[in-house]
Amino acid sequence: MTLNRFLVAWRTIPVRDREVVDALVHPDHAGPSPELSRALAEWPGTWYWSDENGARHLVLTRPRAGLRRERWLMPVTLFLAGGDVQTVPMVIYGLIAKKIITPRVNAMSTIVLLLSLVFVVVATRLGKRGGQLFRM
């Protein structure tokens with residue numbers, strides 16, 4: 001059952017793994033009405049009432065469907081790599097810090113920069129189509 005007919009206006013806010021709907025309830029159903037009570041019983045998440053500026057608001061939350069679990073193990077491992085593990089950015093930084101700037105260092109820096117830009121462009125395009133690689 002849809003709640004649209006009970007509401008005057010609403011906004012939907014995606015928050016990590018759930019969706020929050022802040023809705024202004026029509027005055028005829030602000031009691032709440034028996035019809036709205038039945039519709040809320042079928043809501044797949046939680047909800048609560050809020051009275052603001054003389055108007056009755058209904059705040060609804062529900063889990064977002066289709067979310068994949070974020071995979072942090074590989075990025076964290078590479079970022080925190082210690083011991084004898086040398087990542088390309090650390091090698092480049094080490095050479096620059098020692099003032100050993102050669103065409104090879106410049107080429108490696110350019111490749112890292114270009115790969116980073118490609119990743120940002122791909123992530124942005126995927127985000128515009130509805131999928132997101134990372135959520136903050």
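Just so you know, all these numbers are worked out from the coordinates, no wet-lab data involved. Predicted, not measured: the structure shown is a model, and the values here were computed from it. Here the Cβ positions follow ideal geometry from the backbone for every residue, glycine too, while neighbour counts run over all protein chains shown.
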Legend entry - Estimated inter-spin distance, L24 and W72, nm [label 7 Å along Cα→Cβ]: 3.9 nm
Legend entry - For the stretch 24-32, 3J(HN,Hα) per residue [Karplus equation, 6.51 cos²θ - 1.76 cosθ + 1.60, θ = phi - 60°, Hz, x = Gly/Pro]: 8, 7, 4, x, 5, 10, 6, x, x
Legend entry - Karplus (6.51, -1.76, 1.60) ³J(HN,Hα), θ = phi - 60°, over the stretch 88-96, in Hz, Gly and Pro reported as x: 4, x, 6, 5, 4, 4, x, 5, 5
Inset, instruction - Give the shape of the stretch 4-63 as rounded, prolate or oblate, defined through the alpha-carbon gyration tensor: a ≥ b ≥ c are the square roots of its eigenvalues, a/c under 1.5 means rounded, and otherwise the shape is prolate if a/b is larger than b/c and oblate if not. - result: oblate
Legend entry - I111 paired with R16, simple spin-label distance in nm, labels 7 Å along Cα-to-beta-carbon: 3.8 nm
Inset, instruction - Multiply the residue separation of R125 and V59 by 0.36 nm, subtract the distance between their alpha-carbon atoms, and state the gained length in nm to one decimal. - result: 20.6 nm
Legend entry - ³J(HN,Hα) computed for each position of the stretch 35-46 - Karplus, 6.51 cos²θ - 1.76 cosθ + 1.60, integer Hz, glycine/proline x: 5, 5, 4, 5, 5, 5, 5, 8, 5, x, x, 10
